[in-house]
Amino acid sequence: MAGVSLRSIIKRYGALQVVHGIDLEVAEQEFVVLVGPSGCGKSTTLRMIAGLEDISEGELSIDGRFMNRVAPKDRDVAMVFQNYALYPHLNVADNMAFGLRIRRMPKDQIATTISETAEILGLTDYLDRRPADLSGGQRQRVAMGRAIVRHPKVFLFDEPLSNLDAKLRTQMRAEIKRLHNRLGVTSIYVTHDQVEAMTLADRIVVMNDGRIEQVGTPMELFNNPVNTFVAGFLGSPPMNQVKGVLTETGARIGGMDVSLNGAINGHAGRDVIVGIRPEHVMLEPGDATSSLPIELDLVEPLGSEALLHARFGQDNMVFKADTNGEIAHLSGVKQVHVPADLIKLFDAETGRALELGA
Amino acid sequence: MLNWNLYSRGDKFFAIVVSVMIGMFTAATLYPFIYIAAVSFSSGFAAQAGKVVLPPIDATLEAYGYIIGDPKFWISYRNTFIYTIGGTLMSLAFIIPGAYALSRPQLKGRRFFNLFIAFTMWFNAGLIPFFLNMRDLNLLDSMFGIILAFAVNAFNIILLRNFFEAIPRSFEEAARMDGANDFQVLWKVFIPLSKPAIATITLFCIVSRWNGFFWAMVLLQSEDKIPLQVFLRHTIATLSDNDEFAIVQTDAGFSAETVTAAIIVCSIIPVLIVYPFIQKYFEKGILLGGVKE
């Protein structure tokens, strides 16, 4: 078990710089998820940790050891690939034993390790099968088994669930979480799926354009995004962001005044982006709520709740509402109410979160 | 079952034309072989008179009896096996690592080396410089010389390189993470995954080595080193204008034609035997299931 430390990591391909100085400390036994849109540098960062890509600048250490120029096999990390990368000519047992044989582990020890791991992953009945004879979920498990048998210091996951269908993905997500709880190995997990990030992570690292936007626990990031990018990336559906301007008493958006928690303190007149989470919107007025008139456009029932797509002034907004088993009452919604204490403010120019004075 | 109702008239016509053409091609390919086999089993008189068309005339095994009794036939047969097996192994020993190296993006100067290899497909030194080169290397009239000289073949390297390049990168990366070095990645992952391509190249090597005639004739002088194809040529040359042989054969019931045909049949049989064993590796889809794209 070991921590991973990245200091000012930069990756360049020729003149093109794709990772611009990543600083990150992953604690021992921690499960850290790197999340961000395609091309944000998260996979490249993971591959640099694995040793599959050179580090152009900066320092990588694993378990306190400087790793920049250490070969992948000597870093004591194991990786689960997006496309599984199982050896098609070997059966499940041989796939898992591959790394152990190369490291010249004694035969009886290999056999014990494989059967223990197969037991954990529910693969005992499939040890003789080739990858082509397995389902997607089973292949994914074999790929994890191949990583687990080596008892590495760090697990690296490169979008391991993105090739599975939605139902299987949910199952495997839970299995990965259970596995981590059981084995307690430091894990770094790359995904573009914010639901995976939220559910799996001890800490989430949101990346964009080769930079870290924010690092924190899932709830920290959800409740206090540092900028509009993080606010828009986490949460499903994402936070509504509406242009507005601060007034003496609150904020004005789409011709309506909304009250805010905290003192404006001379910020009046400042252009802002007002962020409202879909799930924070209420259909009935409550304490310290502001009403917003909306034009309902579409109701999407999800079962226990529904998504209301609406026009508010010039903007499109999405709200979440409880259905209580039916959606008929939602089609007549003409206004919604937002609680002052749950509204987020961002600077209109920089997109950074604004804190109002007490 | 083929359901003709699903075919339009044009499709039916096309299918018939294609079938006829395939039939003609098959006949054109098979007939020379059948003809040679028929001649080898015919009497010398019938063969000389040009009477053999399809079945053997006055069937006899005397031509085979004659060549089997000739020790030089067995020596050349043995030599051909040595050149074929040794040469093929030597070729694979060069071609597989060469193709692997050329297929790796991390190889420095990869473009240059690829161009360099491909260059030899279009341009080479030619007969005389090659002969002089072999002479200077002391490889004339040497069995090892024959095995070594034709070991590297640019076409086969490029064929295998392309196959290696098509293998998803993550196999190599997974093996590296598992602790494999370059040699282990090649030996334990790439070679097993490339069986169809390697089988193809092996067959190419075997056939070209087995039939290798010209260079063996140019480079080898000793009779105990020549391969079967060169022995065949010697036989044709000597039997055709050998009076003594002409006298023997009238009694013996074989002729230069039937003896030549018998040697050809003997030289084809091993290739026919080897092919089915290699063919089983021509199975497709060995990569199936390993990665999901």
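Take segment B:228-287 and flag every residue that is among the polar types (S, T, N, Q), surrounded by 17 or more Cβ atoms within 10 Å (Cβ to Cβ) and modelled with pLDDT of 70 or more. I'd like the intermediate steps shown before the answer.
First pass over segment B:228-287, keeping only residues among the polar types (S, T, N, Q): B:229, B:235, B:238, B:240, B:242, B:249-250, B:255, B:258, B:260, B:267, B:279.
Then keep just the ones that are surrounded by 17 or more Cβ atoms within 10 Å (Cβ to Cβ); that gives B:229, B:235, B:249, B:255, B:258, B:260, B:267.
Answer for segment B:228-287, where residues must be among the polar types (S, T, N, Q), surrounded by 17 or more Cβ atoms within 10 Å (Cβ to Cβ) and modelled with pLDDT of 70 or more: B:229, B:235, B:255, B:258, B:260, B:267.
It is to be established whether one or more residues within segment A:268-278 are surrounded by fewer than 21 Cβ atoms within 10 Å (Cβ to Cβ), small (Gly, Ala, Ser) and more than 30 Å from residue A:12 (Cβ to Cβ).
Yes, segment A:268-278 has at least one match.
Can you tell me how many residues in segment B:163-198 are touching a residue at least 12 places away in the same chain (Cβ under 8 Å) and either away from chain A (no Cβ under 14 Å) or in contact with a Pro (Cβ under 8 Å, 6 or more places away or on another chain) (or both)?
5
So residue A:217 passes all but one of these: (1) closer than 24 Å to residue A:307 by Cα; (2) β-branched (Val, Ile, Thr); (3) surrounded by fewer than 19 Cβ atoms within 10 Å (Cβ to Cβ). Which condition number does it fail?
(1)
I'd like to check something: does segment A:279-288 contain any residue that is buried (at least 21 other Cβ atoms within 10 Å of the Cβ) and either in contact (Cβ under 8 Å) with a residue 40 or more places away in the chain or not assigned by TED's automatic domain parsing to the domain that holds residue A:332 (or both)?
Step one: filter segment A:279-288 for residues buried (at least 21 other Cβ atoms within 10 Å of the Cβ), giving A:281.
From what is left, the residues that are either in contact (Cβ under 8 Å) with a residue 40 or more places away in the chain or not assigned by TED's automatic domain parsing to the domain that holds residue A:332 (or both) are A:281.
So far as segment A:279-288 goes, yes, one or more of its residues are buried (at least 21 other Cβ atoms within 10 Å of the Cβ) and either in contact (Cβ under 8 Å) with a residue 40 or more places away in the chain or not assigned by TED's automatic domain parsing to the domain that holds residue A:332 (or both).
Given (1) free of Cβ contacts under 8 Å to residues at least 40 places away in the same chain; (2) under 15 Å from residue A:260 (Cβ atoms); (3) of a type outside the set (S, T, N, Q), identify the lone condition not met by residue A:341.
(1)
Determine which member of the set A:93, A:118 is of a type in the set (Gly, Ala, Ser), under 24 Å from residue A:176 (Cβ atoms) and touching a Ser or Thr at 6+ places or on another chain (Cβ under 6 Å). First the steps, then the outcome.
Values: A:93 fails: touching a Ser or Thr at 6+ places or on another chain (Cβ under 6 Å).
Of A:93, A:118, the one residue that is of a type in the set (Gly, Ala, Ser), under 24 Å from residue A:176 (Cβ atoms) and touching a Ser or Thr at 6+ places or on another chain (Cβ under 6 Å) is A:118.
Give the residue that is nearest to the other protein chains (Cβ to nearest Cβ), with candidates limited to residues of segment A:47-69 that are hydrophobic (A, V, I, L, M, F, W, C) and closer than 13 Å to residue A:18 by Cα.
Our first condition is that a residue be hydrophobic (A, V, I, L, M, F, W, C); within segment A:47-69, this holds for A:48-50, A:52, A:55, A:60, A:62, A:66-67.
Remaining after also requiring closer than 13 Å to residue A:18 by Cα: A:48, A:55.
Details: A:48: 13, A:55: 16 Å.
The qualifying residue nearest to the other protein chains (Cβ to nearest Cβ) is A:48.
Quick test of your reading of the structure: residue B:190 fulfils all but one of (1) in contact with a Ser or Thr (Cβ under 8 Å, 6 or more places away or on another chain); (2) closer than 28 Å to residue B:166 by Cα. Name the failing condition by number.
(1)
Of the numbered conditions (1) surrounded by fewer than 16 Cβ atoms within 10 Å (Cβ to Cβ); (2) within 17 Å of the chain's Cα centre (by Cα), residue A:36 fails exactly one; give the number of that condition.
Unmet condition: (1).
Kindly indicate the residue of segment B:54-108 that is under 30 Å from residue A:53 (Cβ atoms) and outside any helix (DSSP H, G or I) and also modelled with the lowest pLDDT among those meeting that condition.
My answer is B:106.
The values are calculated or read from the model by the stated rules, or taken from the named source; none is laboratory data. Everything quoted here is computed from the prediction, not taken from an experiment. Backbone-built Cβ (ideal geometry, glycine too); neighbour counts: all protein chains shown.
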